[in-house]
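Below is one structure, written out as structure tokens; the observations come after it.
The values are calculated or read from the model by the stated rules, or taken from the named source; none is laboratory data. If you're wondering where the values come from, they're calculated on a predicted model, not measured in any experiment. Cβ placement follows ideal geometry from the backbone for every residue including glycine, while neighbour counts extend to all protein chains displayed. Ligands, DNA and RNA are excluded from the accessible area calculation, which covers all protein heavy atoms including side chains. Shrake-Rupley method; radii C 1.70, N 1.55, O 1.52, S 1.80 Å.
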Amino acid sequence: MTGHTTPVAITSVWRWSRYHLADRLRTAVGGPARLRVIVLLAGVLGLSAADAATVGAIAPELERSLHIGNTAIGLLVAASIGVGAVATLPIGILVDRTNRTRLLSISVLAWSAAMIVSGAATSYAMLLITRLALGAVVAAAWPAVASLTGDLFPAADRGRIYGYIISGELIGTAFGFLVSGDVAAALSWRASFWVLALPGLALAIAIARLLPEPARGGQSRLSPGAQQVRPAHQTNATHPAPDNDQTQPHPEKSTADQTGALRQQAQAGGIAPYPQRIIHDDPTDWPLPRAVRYVLSIRTNLLLITASVLGYFFFSGLRTFGVIFMRGRFGLGQSVASTLLVVLGAGAILGVLLTGRIADRLIGRGHLSARPVVAGIAFLAAVGLLLPGLLTGSLILAAGLFFLAAAGIGGANPPLDSARLDIMHSRLWGRAESVRTAPRSAFEAIAPLLFGYLSTRLGSHHNNFGQLTTTTTADAAGLDHTFLIMLVPLAVAGLILLLVARRTYPRDVATALASQPPPPTEERT
């Protein structure tokens, strides 16, 4: 009797917990349609991040199998990211002009195929070539995700929603470190790539079936409790839903939030737009040079791009060499080091879930520049925590400091991503994100090379250009010094946001609002 009831009881508990967890998630994000969109978009970012993290997680196995060093490992990451930087601008045009969900589905499917080929590589040169092809495939991720997020979620909600979506990137990074690292240790580094291809195939099918192309400009915006995304062909383009429609109540928001907090605060503060930058026509068909010139003419956008680039620069180096650093510095095994980095990734997830919500609430209370301010504080807090963490010899103390620092690094992104949408015409979101993604990807590509090269030069011993065959204490010491040096650009990112961007942001918001007059519903309020 007991032998039969125990499995039944376990199954019942599992079903009950799964149902209630899904119910709590639906409630937290605002309904089943919102949860579905968030999971799919987070999955896209997660796959891209898992791929980059996998290279770092299996770096010791790659070094031994292919007889390469830190610089060669960095080149594998740099290759895919660098090609993505070049491909992202033309992809941005497609995002603004074509079916975005179909573009994402095809991209993820091609990504999965590239992962299978990567696992079959028979030499370093062949693996490097597959990484080059992979970069072109992942270029669609950020522009499409940004554009879809802007069209499906209201401005007053975007910080919180972006936090959920960006958590997918961090979960993907954790998956790459933990699962891929363990698979490489138990089987081979080839299996690590093949394991990632399976969820990619499933995600491509899910996007094609569950995420219809929404209307641009807000007509398909998801109200809390919505069951489905309204496809573009089912919306009335002449009556778009307002950015914060009061007919779409949210239990966490006041009426002021629901009727356009950004617009109300800009008007209440007497903030005048830049007359020469107000867009009077539809920029959808603007030639790429004109769109790029306009996007780069927005001073706040340049500042936000710079801060984002510097933040991802540091994160890219940390993601690539974190396992090697932990193993050499504290004498940990592959599995333990990967698990520890996953725990630190949980700190980053905590950060992205908190800061977007904090910035949204501060905006609702009248602090128009809350998004750049919160992001700047997060970057500086990360620097202040990483500095003693890199200097201490205690694993427990270092882990605690790194956990909190990861919350700061990750937490800067939701306010930054939301702020970029606030200052841009909705018909330019795809190309604007491509303009940001290109330099960000370029610096992400440079970071592994620079971190790897500096670590070999700053260690107590080195051979020729990165030709190390084992992970040693000397290598970890070189990475230790490298991470300390690279805290400088992270601090610069925080200072840019706190000292400059928070002052330029309000007027650029007013200009974007003036370029897109309020919908009829908002005007009546």
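Kindly establish whether residue 185 is under 26 Å from residue 93 (Cα atoms) and either open to solvent by 40 Å² or more (accessible area, probe 1.4 Å) or under 22 Å from the mean Cα position of the chain (by Cα) (or both). Considered against the rule, which asks whether it is under 26 Å from residue 93 (Cα atoms) and either open to solvent by 40 Å² or more (accessible area, probe 1.4 Å) or under 22 Å from the mean Cα position of the chain (by Cα) (or both), residue 185 comes out as no.
The set of residues from segment 342-363 being open to solvent by less than 30 Å² (accessible area, probe 1.4 Å) and touching a Lys or Arg at 6+ places or on another chain (Cβ under 6 Å) comprises 356, 359, 360. What pairs come up if the first residue lies in segment 141-160 and is of a type in the set (D, E, K, R), the second is at pLDDT 85 or above, and their beta carbons are under 6 Å apart, counting only those six or more places apart or on different chains? Within 6 Å, the pairs are 151/214; 158/418; 160/356; 160/357; 160/360.
Being part of a loop (DSSP other than H, G, I, E, B), more than 18 Å from residue 157 (Cα to Cα) and at pLDDT below 75 is not true of residue 244.
From the list 152, 148, 201, which residue is open to solvent by 40 Å² or more (accessible area, probe 1.4 Å) and farther than 18 Å from residue 61 by Cβ?
On the way: 152 fails: open to solvent by 40 Å² or more (accessible area, probe 1.4 Å); 148 fails: open to solvent by 40 Å² or more (accessible area, probe 1.4 Å).
Residue meeting the stated conditions: 201.
Residue check: is residue 216 among the basic types (Lys, Arg) and modelled with pLDDT of 90 or more? If you could, list the steps in order and put the result at the bottom.
On the way: among the basic types (Lys, Arg): yes; modelled with pLDDT of 90 or more: no.
When the stated conditions are applied, residue 216 does not pass them.
Could you tell me whether residue 234 is of a type outside the set (Phe, Trp, Tyr), open to solvent by 40 Å² or more (accessible area, probe 1.4 Å) and modelled with pLDDT under 70? Can you show your working first?
Details: of a type outside the set (Phe, Trp, Tyr): yes; open to solvent by 40 Å² or more (accessible area, probe 1.4 Å): yes; modelled with pLDDT under 70: yes.
Yes: the conditions hold for residue 234.
Among the candidates 315, 321, 325, which residue alone is aromatic (Phe, Trp, Tyr), open to solvent by 20 Å² or more (accessible area, probe 1.4 Å) and assigned to a helix (DSSP H, G or I)? Explain how you work it out, then say what you get.
Details: 321 fails: open to solvent by 20 Å² or more (accessible area, probe 1.4 Å); 325 fails: open to solvent by 20 Å² or more (accessible area, probe 1.4 Å).
Only one candidate qualifies: 315.
For first residues located in segment 341-363 and polar (S, T, N, Q), partners that are not in a helix (DSSP H, G or I) and lie 6+ apart or on another chain with Cβ distances below 9 Å form the pairs 355/412. Among residues that are in a helix (DSSP H, G or I) and in contact with a Lys or Arg (Cβ under 8 Å, 6 or more places away or on another chain), residue 335 is not included.
Scanning segment 498-514 for any residue that is over 19 Å from residue 62 (Cβ atoms), at pLDDT below 90 and buried (at least 19 other Cβ atoms within 10 Å of the Cβ) turns up at least one such residue.
For segment 292-305, the condition of being open to solvent by less than 10 Å² (accessible area, probe 1.4 Å), closer than 26 Å to residue 55 by Cβ and assigned to a helix (DSSP H, G or I) holds for none of the residues. With respect to the conditions (1) open to solvent by 10 Å² or more (accessible area, probe 1.4 Å); (2) in a helix (DSSP H, G or I), residue 367 lacks only one, and its number is (2). Applying the set (1) within 30 Å of residue 449 (Cβ to Cβ); (2) open to solvent by 10 Å² or more (accessible area, probe 1.4 Å) to residue 134 leaves exactly one unmet item: (2). One residue stands out in segment 457-481 among those that are surrounded by fewer than 24 Cβ atoms within 10 Å (Cβ to Cβ) and part of a helix (DSSP H, G or I): the one that is modelled with the highest pLDDT, namely 481. Total residues in segment 115-126 satisfying the condition of being over 18 Å from residue 201 (Cα atoms) and part of a helix (DSSP H, G or I): the figure is 3.
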